[in-house]
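The values are calculated or read from the model by the stated rules, or taken from the named source; none is laboratory data. The structure displayed is predicted, hence computed values, not measured ones. All Cβ positions, glycine included, derive from the backbone under ideal geometry; neighbour counts span all protein chains shown.
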Amino acid sequence: MSSRVLAVDDIEVDCFQLHIAAGQSIWAGVHQALQQADIHCAQIEFASAWLRASVYHTAPPEASGTTLVKYGAGIDAGAALLVSANATYGYGNGGASLLHCHGLLLAADGRMHGGHLDTSRCIAGTEGLRAQVMATRNSGFELGLDCTSNMRVFHPVRWPEARHGL
Amino acid sequence: MDSKLIGGRYGRVFSARLLCNDDLVESVEELCASNGVRNAIVKGGLGSLFRARLEQAAADPSRTVEVQGYAVELLSLTGSVAIDAGTGRPAAALFGIVADNRGASYAGKFVRGAAPTCVTIELTVQEWLPEAVVAS
């Protein structure tokens, strides 16, 4: 069976290294910097670093069948090493910015676990966080309804004009 | 065999979304094939799978781990795509970390046909356009 992958291409990209300050949440650090630079869509790869606090969610099947899965309550992993994380920054509900981020954590008890990071409750440790950011000028991701899962998820979109001009 | 340094430049960047039940590896290969991409780097990806089979030993491809119990979250993804000399089609080598719905994590190389998308996967693929061998 051939794949039905949805994709848009872009030749204009800008690459950055993002520094998030100690004590700042991942969400605040990403959003503040990218908003200030007028960047709306980017792919982000985090370097390993310590977190002062971390919370993530898993998504087991949704019992009633209304949606395919349902995120459970946040799992508090406490102070942890963020081993690896990938994120997509794009347009969420009503055009507001949205950060979708998954990551692997090494907790203080030595257990490795992870999932969908609650980026407003993942706080950079004393050395801060660094991430490589690739911002696309003419394309990106926008939240839309996925009829199969009945969930709103990121879809790739291309615009006729550049959305930033760094 | 000696190492070599290949010059080149990056080409198009693809922002992509995979749909429910479509396989992760096959979808990346399909994306490249349908867009005429011969070499590419998978810059990152995240989302969810129904399950994943991961190779965990290069010397023994049969040594795999099966991660079950959707949604298996794709936490991070890296890899590359190059033309398979035998088939003439793009072949993807994708590596990553996943977690099951209890949060337990696993890593390895994704086995083609054994990582169906659950809700969605977002990923970014960057074309690589090799030009010349600089040193070998």
What number of residues within the stretch B:1-33 satisfy the criterion of being among the polar types (S, T, N, Q) and out of contact with any Phe, Trp or Tyr (no Cβ under 9 Å at 6 or more places or on another chain)?
2
Which is out of contact with any strand residue (DSSP E or B) (no Cβ under 6 Å at 6 or more places or on another chain) and in contact (Cβ under 8 Å) with a residue 12 or more places away in the chain, of B:92, B:82, B:59?
B:82
Here are the criteria: (1) modelled with pLDDT of 95 or more; (2) in a loop (DSSP other than H, G, I, E, B); (3) not charged (D, E, K, R). Tell me which single one residue A:153 does not satisfy.
(2)
Lone unmet requirement of (1) crowded, with 21+ Cβ neighbours inside 10 Å; (2) within 29 Å of residue B:100 (Cβ to Cβ); (3) over 15 Å from the mean Cα position of the chain (by Cα) for residue A:139
(2)
Restricting the stretch A:34-47 to residues that are of a type outside the set (D, E, K, R) and farther than 20 Å from residue B:46 by Cβ, which is surrounded by the fewest Cβ atoms within 10 Å (Cβ to Cβ)?
A:36
Residue check: is residue B:83 under 16 Å from the mean Cα position of the chain (by Cα) and within 19 Å of residue A:46 (Cβ to Cβ)?
no
In contact with a His (Cβ under 8 Å, 6 or more places away or on another chain), within 12 Å of chain A (Cβ to nearest Cβ) and among the hydrophobic types (A, V, I, L, M, F, W, C): which single residue out of B:99, B:92 fits that description?
B:99
What number of residues within the stretch B:102-119 are of a type outside the set (Ser, Thr, Tyr) and within 9 Å of chain A (Cβ to nearest Cβ)?
6
